[in-house]
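What follows is one structure encoded as structure tokens, with my remarks underneath.
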């Protein structure tokens, strides 16, 4: 879903929300912001998925996300709460989802606790938010389905308390992209809940233009990938160009992307292999044809710039494993 007509990134950055606050502790994924496709209902769910898996070392086109699920009420296979699980499973994404179907309402406190628990582990969360002033549910869906108007990647958390403290504090700050620009938004977790008056009524998020977690909370945390038989190292992918994926849905031509993979938590002196697969079907088949390089770690991180590009309309997965 695209922004409503009264929302833009300037609105979202009002009152300094795009200025990073000073906090004692933080964990923020090192991934790139950018712009979703806005046609066919908006590709926000696909874009949030794409950015989430970059943090785990993969590129997935926005169209590929839709192509791996079914229509459940939006524009063709627009990503909603009723089909995102299928898309992520079919794309071999390992994830944890907030159980909005079973959690008692209002889900505000439970959702905040779940969200913090995912972010402190370094998992990027695709959350579904409500716009203040927009009527819910969307698309004539039956709640909890349709109780949102946009999907974004939440990339981290800031706190004045150690991150192993599971308590949710009012001044904990969640960090997220908007899908519609290059800024990063910082929002105190205590300010997130909106009010909703009932079927067909608009959300009221007070002084903010959006919110989450009341009465329902929606979130999918990307943990890694399934169908992977080997232990692996944490790795994140950056791409060039990074700001906008060519919109093949509207007739733009795909382009080659250059990938730079950063592996983390390596053991100095150990030897590692980097694998790459360019399709969902092939992914995590550990044979020599998919091996890119072997390297010996000298520090706990390693940066690999791939000498072969991949096309923007596809899927590309990387893995770093001990040799």
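The values are calculated or read from the model by the stated rules, or taken from the named source; none is laboratory data. If you're wondering where the values come from, they're calculated on a predicted model, not measured in any experiment. Cβ coordinates were reconstructed from backbone atoms using ideal geometry, including for glycine residues, and neighbour counts include every protein chain displayed.
Residues in the range 42-71 that are out of contact with any helix residue (DSSP H, G or I) (no Cβ under 9 Å at 6 or more places or on another chain) and in a loop (DSSP other than H, G, I, E, B): 42, 55, 56, 57, 71. Scanning the range 200-242 for residues that are closer than 27 Å to residue 256 by Cβ and in contact with a helix residue (DSSP H, G or I) (Cβ under 6 Å, 6 or more places away or on another chain) yields 222, 237. Listed here are the strands (runs of 3 or more DSSP E) enclosed by the range 235-323 that have at least 1 residues being under 30 Å from residue 40 (Cα atoms), free of Cβ contacts under 8 Å to residues at least 40 places away in the same chain and not assigned by TED's automatic domain parsing to the domain that holds residue 87: 235-240.
Against the list (1) buried (at least 16 other Cβ atoms within 10 Å of the Cβ); (2) over 23 Å from residue 27 (Cα atoms); (3) outside the structural domain of residue 286 (by TED's automatic domain parsing), the condition residue 197 fails is (1).
Taken over the range 169-206, the criterion of being more than 19 Å from residue 152 (Cα to Cα) and outside any strand (DSSP E or B) is satisfied by 169, 170, 171, 197, 198, 199, 200, 206. Here 299, 226 are screened, and the one residue that is over 30 Å from residue 147 (Cα atoms) and surrounded by fewer than 21 Cβ atoms within 10 Å (Cβ to Cβ) is 299.
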